[in-house]
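First up is the structure itself, then whatever we jot down about it.
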Amino acid sequence: MKNRASFVLLAVAVSFLAPARGRAGPLPEGSFKGTTPFLGGPDVMALLVRKDPGNPSAYYAVLAEYDRLCGIPAPERLKITRWVPRLYAYRAEEIGRDRYAMKPLRVSAAGDIEVDGQAVADSLTLAKPGTMDGATLIRFNRNSVTTAETVTFSGRAGSTWEDYVPGKYFGSKDASGGDYLKKDVNMTLSPDKVADFFQQDIRGQFQVAEKAPGMFTFAAKSPGNLGNDKVVTRIGVFVDIVNWKPIFTTEELLLINPDDARDVGFYYERR
């Protein structure tokens, strides 16, 4: 009896200490590249993921379409993205074994970042625990469960989701990427998080605040600002899209319009 009891205890201990197999793994952090039938040539969808420090089973995420230059063979991290035609902001919440509800985010009337209760949540399913390889993101039309597209992921993207980056910026509307090499400046971000816009359709100062990990809002410092509606409803994220660190790099500030994924605010950092 004693030997049998010892055997049972040993078996329990081994089972407890052995690596878990087949259990759900956490959603990995970082940036991941995906494909969809709607893309052409070298273009990819990139999913950037950050943990929610207050909830171990929740995350924040940004889904971006990368319009890349054609005919330039290079490793993934060196491929050049010239524009971001679409942007989506999410809070990812675990709803089952390796399954996550991707809940669209919006800016509330009070200036906070919150889940949009009127929008249908997208669905992310991992093919294997703890990895994005083979994962699928089903994106639905905003107000219905009609599938808009399915993104299938394989491997990491070279981008990095950055913290707040003060400096000089240029807001571009040139989808060809031609403004990248210019030196113009039409917006600055101060170390104390004040954004100063001096553009044709946006002019004035805004207080920047991090309302979710890596996600920022812009509160108008004056009601007389020009183009307040183009800024205060947006979610800002800093992304190093083409990350050539430590050789050379610049960050981009991307403004996400929760109501229109194609209304992208694209700002090049100037150094």
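Derivation of every value follows stated rules applied to the coordinates shown; laboratory data play no part. For clarity, every value in this text was computed on a predicted model and none was experimentally measured. So basically every Cβ, Gly included, is an ideal-geometry build from the backbone, and we count neighbours across all protein chains shown.
In terms of distances greater than 18 angstrom between alpha carbons, the cross-link table entries K193/K221; K168/K193; K33/K79; K79/K168; K182/K245; K33/K128 yield K79/K168; K182/K245.
Annotation: the residues R234, R262, R82, sorted from fewest to most other C-beta atoms within 10 Å of their own C-beta, follow the order R262, R82, R234. Taken about its Cα centre, the range 30-156 carries a charge dipole of roughly 280 debye when the Cβ of each Lys and Arg holds +1 and the Cβ of each Asp and Glu holds -1. Think of the range 160-270 as a dipole: +1 on every Lys or Arg Cβ, -1 on every Asp or Glu Cβ, centred on the Cα centre; then among G224, V237, Y164, G224 lies furthest on the positive end. Remark on R156: its backbone amide H falls under 5 Å from those of K33, a criterion applied only to residues 5 or more positions apart or on other chains, H modelled at 1.01 Å from N. Between the helical axis of 2-17 and the longest alpha-carbon principal axis of the chain there is an angle of about 10 degrees. Candidates G34, G265, A109 compared by Cα position along the dipole of the chain: farthest toward the positive end lies G34, with charges placed on Cβ. Each residue of the range 188-203 was assigned a 3J(HN,Hα) from its phi angle through the Karplus expression (A = 6.51, B = -1.76, C = 1.60, θ = phi - 60°), giving 10, 10, 8, x, 8, 6, 10, 9, 10, 9, 9, 10, 5, 10, 9, 8 Hz with x at Gly and Pro.
GNM on the chain, alpha-carbon springs under 10 angstrom: the most fluctuating residue among Y88, Y59, Y180 is Y180.
Expressed as a rounded percentage, what relative contact order does the chain have, with Cα pairs under 8 Å and six or more residues apart?
Value for the chain: 17 percent.
Computed from backbone phi with θ = phi - 60° and the Karplus coefficients 6.51, -1.76 and 1.60, the 3J(HN,Hα) list for the range 245-255 is 4, x, 5, 6, 6, 9, 9, 10, 9, 10, 9 Hz; x is used for glycine and proline. Looking at the range 94-181, the pairs of alpha carbons with a distance over 14 Å make up 77% of the total.
Length, then width, then depth: along the principal axes, the Cα atoms of the range 160-270 run 42, 29, 28 Å.
Can you give the charge dipole size of the chain about its Cα centre, rounded to the nearest 20 debye, using +1 on the beta carbon of Lys and Arg and -1 on the beta carbon of Asp and Glu?
880 debye
Counting every other Cβ atom within 10 Å of each residue's Cβ, R271, R68 order from fewest to most as R271, R68.
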